[in-house]
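Notes follow once the structure below has been shown.
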Amino acid sequence: MINNFFTTLYDFTASSSADGFIVNWFNTGFNGAAPMWVGNALLIILSLIAATFFGGLVGFQREINGHAAGFRTHILISLGSALIMILSIYGISGEASRDPMRLAAAGVTGIGFLGAGSIIQNGFNVKGLTTAASMWVTMALGMCAGAGYFVIGTITTLITFLCLGAFRKVENVASRKNSNVLLIVDSSLPVLSMVLEISERCELTIKDISSSLVKQDGNSYLRVVFKLSSLDTKAINFFLDELKRELKPAELKVLN
């Protein structure tokens with residue numbers, strides 16, 4: 001049974017690649033130095049250890065940044081994905097026809113439930129998208145380990161770690177251009193047209209504008225949220241002053 005698994009696994013990894021060389025070395029009992037079953041068993045263990053390492057490295061980065069899906073969660077996702085991949089390649093013994101990618105594809109779909117659970121919407125801010133993406137990548141890393149693609153998995157893990165760590169600074173620099181504004185005003189006013197008119201006067205661009213009716217102290221107000229795209233602090237401050245002067249809002253707040 002184990003030999004059958006690694007014969008199939010060898011078909012998945014080309015012998016000319018580094019990963020194919022590793023699998024073939026284990027599959028042949030270290031080129032005949034040991035019984036084949038010893039090399040096969042050690043390769044299974046290596047696959048599971050590699051999956052644990054890949055998931056643990058990504059999870060560690062999420063853990064130190066205080067995210068709910070952290071070290072243990074990412075390890076379990078990666079380890080489970082590796083096991084799914086091993087079962088996908090091994091399949092069912094005997095002559096039954098099978099598609100080795102079917103179970104792996106189900107795992108790809110199933111990870112969406114965990115990812116959706118980590119996404120939280122608070123007002124017009126959405127949190128957890130990066131964590132959901134890291135869980136999805138961790139699932140793929142586990143499948144790489146389960147299929148014997150250790151080199152590819154290692155490179156992808158390092159790139160993922162770089163994206164979650166170093167690239168965060170790039171994201172923070174880019175986000176400084178966007179200021180989220182919360183505005184609550186009397187619903188009887190033509191708020192949207194006035195906001196757009198003032199923004200044109202200040203030469204600012206408004207993005208992602210949305211509105212909703214709210215009740216406050218027995219009165220009806222319009223709650224408007226939008227994003228200002230500008231690095232000009234003076235223009236933004238002038239825009240806010242004009243909003244206060246013309247709309248006399250019950251609340252005006254820059255959220256970031």
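The values are calculated or read from the model by the stated rules, or taken from the named source; none is laboratory data. Because the structure is a prediction, the values reported are computed rather than measured. Using ideal geometry, Cβ is built from the backbone for each residue, glycine included, and neighbour counts are taken over all protein chains shown. All accessible areas refer to the heavy atoms of the entire protein, side chains included, with ligands and DNA or RNA removed. Shrake-Rupley method; radii C 1.70, N 1.55, O 1.52, S 1.80 Å.
Observations on the model:
- A 1.4 Å probe over all protein chains sorts PHE60, PHE161, PHE21 by accessible area into PHE21, PHE60, PHE161, starting with the largest.
- Listed by chain and number, the lysines whose alpha-carbon sits under 24 Å from that of LYS248, ignoring those within fewer than 8 places in the same chain, are LYS207, LYS215, LYS227, LYS234.
- The accessible-area ordering, largest first, of the residues LYS253, LYS244 stands as LYS244, LYS253, per a 1.4 angstrom probe.
- Contact order, relative form, for the range 163-232: 42 percent (alpha carbon pairs under 8 Å, 6 or more residues apart, mean separation divided by residue count).
- Straightening the chain between SER187 and LYS127 buys 18.6 nm, computed as 0.36 nm per residue apart minus the Cα-Cα spacing.
- Net charge of the neighbourhood of ALA69, taken over other residues with C-beta under 14 Å away and scored Lys/Arg +1, Asp/Glu -1, is +2.
- Proximal charge balance of GLU242 [Cβ under 15 Å; K/R count +1, D/E count -1]: -1
- In Å², nearest 10: area of LYS127 left accessible to a 1.4 Å probe: 130 Å²
- Spacing of the two label points (7 Å from each Cα toward its C-beta) at LYS215 and ILE45, in nm: 6.7 nm
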